[in-house]
Every structure is written in structure tokens, then in C-alpha cells.
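The values are calculated or read from the model by the stated rules, or taken from the named source; none is laboratory data. Because the structure is predicted, anything quoted here is derived from the model rather than measured. In this analysis, Cβ positions are derived from the backbone assuming ideal geometry, glycine residues included, and neighbour counts consider all displayed protein chains. We work out accessible area using only protein heavy atoms, side chains counted, and drop any ligands, DNA or RNA first. Shrake-Rupley method; radii C 1.70, N 1.55, O 1.52, S 1.80 Å.
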Amino acid sequence: MKQTFVVGIGAVVLSAAVFAQAPAGNLDKALAAAPASMKDGAMVIKWKADGSYETLRPGTNRLVCYDQSGDPTEQPFSSQCTSVGNLERVKQNKEYEAKEADRTKREAMLTELEKTGKRVKPEFGSVFYTKSGKDMENTRLHVTIAVPGATAQSLGMPDNAKMGGAWIMAAGTTGAHIMTPGS
């Protein structure tokens, strides 16, 4: 009886310790855009107003996910995942989103950074998964592949959606990316 009691108390203490180490809050929103095969190993972060981030859960692969629901330039529900190699690019985007809410003006500012060589490049071949919409049940998954500096000629693919397949958008810039059909 005494051993059963000690084992039972030990299990309760161990469970409490494991629970205390779990990140605060529900990570489902941040991980909503993650591919199923990468979700369990994805790092989860929370962006702060100053452009830094807090790690809510360390990862075991190169995918990093974050909830951006409610950010001024985002849908009411918005989850994004990308490579950890893109965090500086995302940070720069968020800094400019905080500076300028007007999309046209913000894009002009980012274009100026591009011209001066100060625009942070994303990792070539990395994927941005974005799931957004009016709520978690009514979302659209948008998938792009970063190919900074690439052109239609260098990749041998169209620079518009007229053919119905994948195509390159923002060709020749740090923001060049492959648009995937159906996303």
C-alpha cells in the first residue's frame, strides 16, 4: 500500500512538472498552416511589437510557425509557417507593417529598400505556408516558394497565371516567389 501511494504521488509530481514545462496557451492556431508531416517538429514563436520573438516551443526541424491573427495587416485568423532561415525577412516585413498600415505606401518603402540593397532576402527554395480567413473554420491555404532574384527566364516558367500552372511573381526581386495553383 505504501509503495502504491509513493508511486501515485510520484506520477502526480512528474505530470505537474511536465505540464509546467509546456508552453502557455494553445499552439493550434500557430500550427494551423503547418504541413502534417512537419507539424510535430515545428518551432512555434510569438512575435513581439519590437520585432523580436518569444519561443513558445523549440523545434526539431527547420519549420517555424506563428499566429498572426489580429495583426493590423492580417485576416482575423492568420497562421504562417516558413523556414527558420526566413525569420529576418519576416521581422523586416513586420517592422514595416508596424510603421505603415497603408499597403501601397508600405510597398513603396519596401521597394526603396530593394533598390538600396537593404531588403532582407528569404532563403532560396524555402516555402511560406499561410492559412488565413475570417475564422479557423473558414480559411484558405496559400503556398509560395521563395526564389529571390529569379526570373521567368532563369527558372523557365511563366510570369503570370494564364497557363493555369505554377508561375513566378515579383521576378527579379528579393521577393520573387513561385505561386502554386489552387492555393
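With a cut-off of 20 Å on the backbone N, the residues of the range 44-74 near the modelled label site 7 Å out from D135 along Cα-Cβ are 67-71, 74.
Ignoring ligands, DNA and RNA, what accessible area per residue does the chain give at 1.4 Å, in Å²? Dividing the accessible area of the chain by its residue count gives 61 Å². Output the 0 to 90 degree angle, nearest 10, between the alpha-carbon long axis of helix 87-99 and the longest principal axis computed from the alpha carbons of the chain. Relative to the chain, helix 87-99 is tipped by roughly 70 degrees. Computed over the chain, the convex hull of the alpha-carbon atoms projects to a mean area of 13.6 nm². Of the cross-linked pairs K39/K162; K46/K121; K134/K162; K39/K131; K29/K134, those separated by over 24 Å at the C-alpha level are K39/K162; K134/K162.
Provide the FRET efficiency to the nearest 0.05 for the S154-E114 pair, computing r from the beta carbons and using R0 = 22 Å. The formula returns an efficiency of 0.80 here. Can you give me the % of accessible surface on the chain that is carbon or sulfur? Probe 1.4 Å, all protein chains present, nothing else counted. For the chain, the apolar C and S fraction of the accessible surface comes to 57 percent. Computed from label points 7 Å out along Cα-Cβ, the spacing between H142 and K162 is 2.4 nm.
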